[in-house]
Amino acid sequence: MSENSPTPLCLQTESALRAKIKSLVAEYYEAVHRPVQERAFEPGATRVHYAGRVFDADEMLALTDALLDFWLTSGRFTEAFEKRLASYLGLRFSILVNSGSSANLVAFNALTSPLMGPRRIQKGDEVITVAAAFPTTVAPIIGFGAVPVFVDITLEDGTYNIDVTQLEAAYSPRTRAVFVAHTLGNPVRIKEIRNFCAKFGLWFIEDNCDALGSLYEGKLTGTFGDVATSSFYPPHHITMGEGGAVYTNNSLIKRAADSFRDWGRDCWCPSGKDNTCKKRFGWELGSLPKGYDHKYIYSHLGYNLKATEMQASIGLAQLEKLDFFTKRRRANFNFLREALADLEKYFVMPNPTPGSTPSWFGFPLTVREDAPFTREMLLRFLEEGNIQTRMLFSGNLIRHPAFEELRASGKGFRVVGDLPNTNAVMERTFWLGVYPGLAPAALEYMVERLRRFQAP
């Protein structure tokens, strides 16, 4: 064999092969993906997305590592991600799941566990929330058999969050929890909610899916509730394609969440491990025979909501960029807020909740009732100009087809008042993107297009 002959594969080490593959992946990123991401913006021709993935070679290289391991379910990357996220939040536990919606499902169901003792949520109990929400904040409540109690949101102050002045009116002897999201990254009035929950001994569930990196009184959102959730879908603050997380300081909630995520099993062994408890065949639970294999004992009616190693590997790389992403989101929001400030006669402008520093998910605008145009007119104009727009999620969730049967039954949910602001949002609110991938030229074009709009 000559000195120029390639080294036989059988003599190459795993690490050398891995390095060679990763070198080619990095080269592929530079040749294929970077040019697309750095393409010059052309007003009217380039699509202005409301959100999207922002990545570089780091994510592709991390994914390559996970692929080469070929440990397809949860493993070393999952464990590392859970520890890293918990550390970032300053919490004891985080549990990786396959989506933000699954995170809400797991977080809520954890509070129904017998492990919660006399405070556990039971069927027929009530949970205070809002109808101006994403449906999977509310779906776990209804799916379990509890009753959502809908209160209105604030509007004229530009915060779009739960109206905390209605909490007392929503309370009943069956109330067990408050479950709300930080709308578009803008924190709810956490102090008032926590005081209310403390007064009546209620759980506080933070849907932090749109707000990772947001601050309230200098502390990260998602760290104030008994349990909180994140989503890692591509539009969110970090992404792993599909993915989500549940996080808490409560060890019993952590144990229940693990169980609901992992088929409802009582065992807490990680994937591929046996006998972590050192008494696998020594348990006596329920009416099972003594010594029944702990890996097949089920303490809850659970699901399989685990994420994969590939997702976790991408998430780890994204976490390293979270502070940068947060800075960009705030800068993009502030640019739009300043550039559009003089249009306040036409729009309710967004404002941060007092005491907060949001990591904004979007820039909401509500067309005023006396404006000389409708939301539909404006959205058609923006979309024709290749600017992507979005509604404020469901607008009023209880007016959607999914709620028709519940409404007809008269007992599927309870409503405090007539929800006038929620209905106004459904009729007149939309939002624009502020995600880190927006070029300055795209932001300037958004402003220019809004200013150029004239009602027919």
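Things to note:
- Region 261-321: relative contact order as a whole-number percent, Cα under 8 Å and 6+ apart: 42 percent
- When only the Cβ of Lys, Arg, Asp and Glu is charged (+1, +1, -1, -1), the dipole of region 138-270 relative to its Cα centre reaches about 500 debye.
- For the chain, size of Cβ-based charge dipole, Lys and Arg +1, Asp and Glu -1, in debye: 1160 debye
- Label-to-label distance, Ala26 versus His400, with points set 7 angstrom from Cα along the beta-carbon direction: 4.4 nm.
- Protection-proxy order for peptides 62-72, 336-346, each taking the mean of Cβ atoms within 10 Å per residue, highest first: 62-72, 336-346
- Mean residue ellipticity at 222 nm, helices only, the chain: -10500 deg cm²/dmol; runs of at least 4 DSSP H residues each add -39,500 (n - 2.57), and the sum is divided by the number of residues.
- Kirkwood Rh and Cα Rg combined as Rg/Rh, the chain: 1.02
- Furthest towards positive pole of dipole, Leu336, Cys277, Gln318, structure part region 209-352, Cβ charges: Cys277
- Among His182, Leu167, Phe204 - extreme Cα towards positive end, dipole of region 167-308, charges at beta-carbon: Phe204
- Ranked by how many other beta carbons lie within 10 Å on average, peptides 45-52, 231-238 from highest: 231-238, 45-52
- Ranked packing of 142-148, 26-32, most packed first, by mean Cβ within 10 Å: 142-148, 26-32
- Angstrom value of the Kirkwood radius, inverse mean 1/r, which spans all Cα pairs in region 192-318: 16.9 Å
- Convex hull of region 118-174 built on C-alpha atoms - directionally averaged projected area, nm²: 4.3 nm²
- Apportionment of accessible area to carbon and sulfur, the chain, percent (1.4 Å): 54 percent
- Based on alpha-carbon atoms, the Kirkwood radius and the radius of gyration of region 125-219 give Rg/Rh equal to 0.94.
- Placing one equal scatterer on every Cα of region 30-165 and applying the Debye formula, the log10 ratio I(q)/I(0) at q = 0.20 Å⁻¹ is -1.21.
- Using a simple spin-label model with pseudo-atoms 7 Å out from Cα toward Cβ, Lys411 and Ala331 lie 5.7 nm apart.
- Relative contact order %, the chain, counting alpha carbon pairs below 8 Å whose residues are six or more apart: 22 percent
- Estimated FRET transfer efficiency (Phe324, Lys279; beta-carbon r; R0 51 Å; 0.05): 0.65
- Cβ-placed point charges (K, R +1; D, E -1), dipole of region 25-147 about Cα centre in debye, nearest 20: 620 debye
- Cα lying deepest toward the dipole's positive end in the chain, options Thr73, Pro401, Ile387, charges on Cβ: Thr73
- Within region 401-456, the trypsin sites (Lys or Arg not before Pro) that combine a DSSP coil assignment with at most 15 other C-beta atoms in a 10 angstrom radius are Lys411.
The values are calculated or read from the model by the stated rules, or taken from the named source; none is laboratory data. Remember, predicted model here, so these are calculated numbers, not experimental data. Please note: Cβ atoms are built from the backbone with ideal geometry, for glycine as well, and neighbour counts cover all protein chains shown. To get the accessible areas, we keep the full protein, side chains included, count just its heavy atoms, and leave off ligands, DNA and RNA. Shrake-Rupley method; radii C 1.70, N 1.55, O 1.52, S 1.80 Å.
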